[in-house]
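Asks: Following this message is one structure expressed as structure tokens.
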Amino acid sequence: MAEFKQADSLYEWFDQRLGIDKFLKVMMTEYWIPKNINFLWAMGVLLSVMFGILVISGIFLLMYYKPDVNMAFDSVNYTIMQEVGYGWLFRHIHAVGASVVFLIIYIHMFTGIYYGSYKKGREMIWISGMLLFVLFSAEGFSGYMLPWGQMSYWAAYVITEIFGGVPLIGGDLVVWIRGNFYVSDSTLTRFFMLHVLLVPLAIIGAIVLHFYALRFPHVNNEAGEFFDFDKEAEKYLAGDKKNSKVVPFWPVFLSKDFFVLGVFLVFFFYLVFFHYDFAMDPVNFDKADGLKTPAHIYPEWYFLWSYEVLRGFFFEIAGISGKSLGLIAFAVAQGVFFVLPWLDRSPMVKPANQRPYFKYWFWFLMVDLIVLTVYGKLPPTGTNAWIGFASSMTFLILFIALPFITRAEAKKVGGK
Amino acid sequence: MKELKILAIIAALVGITYYGIEPYAHHIMHPEVKPADFAFSDMKNVDTSLAGNVDNGKVLVEANCIACHSIEKAGHLQIMPNADAAAAYGVVPPDLSSAGRIYDKNYLANFIFDPVSAMHLSHKYPVGGAKAFPMPSYNWMSAQEIMDVVAYLESVSPKVSGKDAHKATYDAACGRCHSMSYAKSEATTPKDAIKAYMGATPPDLSQYIKSRQEHYLHGFINDPQLLLAGTSMPRVGLTEKAQEEVIAYMEETGDSKKAERESLGLWVMLYTFVFAILAYLWKRKIWSEVH
Ligand code: HEM
């Protein structure tokens, strides 16, 4: 055991026992980030802040919410929205925050894809990030059920029904997930448990893993340049801050993030107070009614693209029903981003626009995802159904083609 | 500057997606219908330019209407309890104290002449059909007599304004069918009776300001058939002002924190804006050392 001197200050007392000095150095003042980055590198910090905001507003909602089919709707729309002081504020922050967090996740993800930050040592960052995406999806889906409005009920109905397509065990699986033959009180209560306990715990774990995965390969930079972090850090510490390629996480990196955060929060609060319909669908202010199917059922906007991949296959091909094809495509869409680091066969770590072939792939994917998202909301009739089919096919083909495109690119640039 | 270019690209992608899934999808799912018509110009059975005689109207109303309707402001109280009235007529006939204030004059005159066509319920009560509408048509009255009745109803209507008017108009126009539990207001017609009478349960309207929103309500209340073809909800014939009062009442009940939300919103945005500026100045200072 180490010897303890009499501490001269409270700070020292803690430092002796917790190693605060060392800890702050490792985590903050000597955690090195490349200097050559733009505001897209602030998205991770934005996400951390958003997660914090969601947890805090969620705790306030939890104090009045009732996970029971007879009370849930009124506990949200009357008790929280109208009776409890500022209950409406917490609900608006929570609901709009849950939607906006996905906007930032998508920007963060596509930044990673654009700059090639998922390969050459950064695979675990990417995989832990995808894990976060899946967990956030589960969190968003389970949370959307809680107000027990029409869209809560029917989206839950449609999405749980999807599992019925799993071969052999499908029917039993749906009943197991719902805890009943239909979406009912047991479904609501178990999704409540998932939403407030199990999934948030898993998210916290995944965030820790994600941050840890960043430490060894280090954060990428705008040019995709690889350099010796230790040497650049030494330069910085020796006082040559201007020529060093790195900056410390605190205060330099975070000072920029705080500014980006400030701008983002102005936008966020505008949505919270004045423009929240996109996140709090009007249809969901009708109480759930299992006998009254709404004219249009659609999931929240961030699930629309994968929902459209599911719906896109609406006719039989080679003896396989449209429903099964859709399900297979949907399963592929859920998993394919995980293996992106291995589908990209080109060694280039560069912004997409500097990669001769990948750049077409990237922008094609963006356009296709937007088309899928928009047509995921529109009623799937007439030409809409065919556009849905074409864009779902495009999505699959893009990923099948990626290894070939990137291998050709590798050849062209000669292994650089 | 490069970062602004990146921001512009992101804004464009997000903007296109937003346009597709919100305004555009909304436009596809809810096509525009004919605008609301507060002149009720489809009805021309009664010449509404005639000046009514209040005294004669009083005689006609007392002879014809108060067997079913109360007019509390004129001292005619309800003659039977709600449950009995509902059993007798299917639905509790509304109190007519505010009728002269809330209903459009042209609508009211034509409603008295022929309720079914005025309410746009001919699909439910076809001429010679098995079911009869509980209120008789007064098409045997002359146009002058009908305008006398209208003039009398106008003369007894109390002048109210503000929030009292919002509630009074709602109670008179919608309260016989709809409940609004968040306002502790229950339909005068018992639940089972109204369902049997209408063939559909009139929904609790507590949150309809949020689920349907002002634009839809504006058209729907004016003429339900336009937005929900075949619905059993009748056209009720409110003036534009009375309809706005009803919608205001629905908002006071269903979105009671709107004013608080909008005023607080500006302060919070201002606060974060100041934060962003301070953060920018700090960032400039910090980065000047490393650039
Ligand atoms: C929602 C929870 C998430 C949080 C809190 C989070 C947080 C962060 C933070 C703080 C960083 C470092 C700074 C930065 O580059 O932005 C980072 C980097 C990264 N994240 Fe995430 N992230 C989340 C989700 C995701 C997802 C869904 C993905 C994609 C699958 C992802 C992929 C990455 C990648 C590839 C990097 C490295 C970027 C680079 O090296 O340039 N993250 N994340």
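The values are calculated or read from the model by the stated rules, or taken from the named source; none is laboratory data. Keep in mind it's a predicted model, so treat the numbers as computed, not measured. Neighbour counts run over all protein chains shown; Cβ positions are idealised from the backbone, glycine included.
Asks: Which helices (runs of 4 or more DSSP H) sit wholly inside the range A:300-409 and have at least 2 residues that are within 14 Å of chain B (Cβ to nearest Cβ) and buried (at least 22 other Cβ atoms within 10 Å of the Cβ)?
Replies: Filter on the range A:300-409 gives A:304-312, A:358-377.
Asks: Moving on. From A:E123, A:E83, A:E139, which residue is among the acidic types (D, E), modelled with pLDDT of 95 or more and within 14 Å of the chain's Cα centre (by Cα)?
Replies: A:E139
Asks: Output the number of the condition that B:G52 fails; it satisfies all remaining conditions of (1) within 28 Å of B:T201 (Cα to Cα); (2) crowded, with 21+ Cβ neighbours inside 10 Å.
Replies: With respect to (1) within 28 Å of B:T201 (Cα to Cα); (2) crowded, with 21+ Cβ neighbours inside 10 Å, B:G52 is out only on (1).
Asks: Here's a follow-up. Report whether or not A:G171 is more than 24 Å from the chain's Cα centre (by Cα), buried (at least 17 other Cβ atoms within 10 Å of the Cβ) and away from the ligand (no atom under 16 Å from the Cβ).
Replies: The answer is no for A:G171.
Asks: Please tell me if A:I203 is in contact with a Leu (Cβ under 8 Å, 6 or more places away or on another chain) and assigned to a helix (DSSP H, G or I).
Replies: yes
Asks: Related question: Has the range B:72-81 got at least one residue that is exposed (fewer than 14 other Cβ atoms within 10 Å of the Cβ), more than 29 Å from the chain's Cα centre (by Cα), more than 20 Å from B:D104 (Cα to Cα) and without any contact (Cβ under 8 Å) to a residue 12 or more places away in the chain?
Replies: No; the residues of the range B:72-81 include none that is exposed (fewer than 14 other Cβ atoms within 10 Å of the Cβ), more than 29 Å from the chain's Cα centre (by Cα), more than 20 Å from B:D104 (Cα to Cα) and without any contact (Cβ under 8 Å) to a residue 12 or more places away in the chain.
Asks: Can I ask one more? Could you say whether any residue in the range A:392-399 is farther than 22 Å from A:G165 by Cβ and not β-branched (V, I, T)?
Replies: Yes, the range A:392-399 contains at least one residue that is farther than 22 Å from A:G165 by Cβ and not β-branched (V, I, T).
Asks: Still on this structure, please answer the following. What do you reckon, is A:V263 over 18 Å from the mean Cα position of the chain (by Cα), within 16 Å of the ligand (Cβ to nearest atom) and not small (G, A, S)?
Replies: yes
Asks: Moving to a separate point now. Show the residue pairs meeting these rules: Cβ distance below 6 Å; 6+ apart or different chains; first residue within the range B:1-22 and at the interface with another protein chain (Cβ under 7 Å from one of its Cβ atoms) and free of Cβ contacts under 8 Å to residues at least 24 places away in the same chain; second residue part of a helix (DSSP H, G or I) and of a type in the set (K, R).
Replies: Matching pairs, first to second residue: B:I21/A:K377.
Asks: A further question follows. Just give me the residues in the range A:178-212 being without any contact (Cβ under 8 Å) to a residue 24 or more places away in the chain and charged (D, E, K, R), in sequence order.
Replies: A:R178, A:R190
Asks: Moving to a separate point now. Restricting attention to the range A:111-153, which residues are more than 9 Å from the ligand (Cβ to nearest atom), more than 13 Å from A:N220 (Cα to Cα) and not small (G, A, S)?
Replies: A:M124, A:E139, A:F141, A:Y144, A:M145, A:L146, A:P147, A:W148, A:Q150, A:M151, A:Y153
Asks: Of all residues in the range A:276-299, which are under 24 Å from A:F136 (Cα atoms) and within 10 Å of chain B (Cβ to nearest Cβ)?
Replies: Hits for the range A:276-299 are A:Y276, A:D277, A:F278, A:M280, A:D281, A:P282, A:V283, A:N284, A:F285, A:Y298.
Asks: Filter the range A:216-256 down to the residues that are in a loop (DSSP other than H, G, I, E, B) and away from the ligand (no atom under 16 Å from the Cβ), then identify the one that is surrounded by the most Cβ atoms within 10 Å (Cβ to Cβ).
Replies: A:S244
Asks: OK, next. Within the bounds of the range A:41-50, is there any residue that is in contact with a Ser or Thr (Cβ under 9 Å, 6 or more places away or on another chain) and surrounded by 17 or more Cβ atoms within 10 Å (Cβ to Cβ)?
Replies: yes
Asks: May I ask you to verify whether A:Y64 is away from chain B (no Cβ under 12 Å) and in contact (Cβ under 8 Å) with a residue 60 or more places away in the chain?
Replies: Details: away from chain B (no Cβ under 12 Å): yes; in contact (Cβ under 8 Å) with a residue 60 or more places away in the chain: no.
Answer is no for this residue.
Asks: A follow-up question, please. Which condition does B:I209 not pass, out of (1) touching a residue at least 12 places away in the same chain (Cβ under 8 Å); (2) more than 9 Å from chain A (Cβ to nearest Cβ), if it passes all the others?
Replies: Failed condition: (2).
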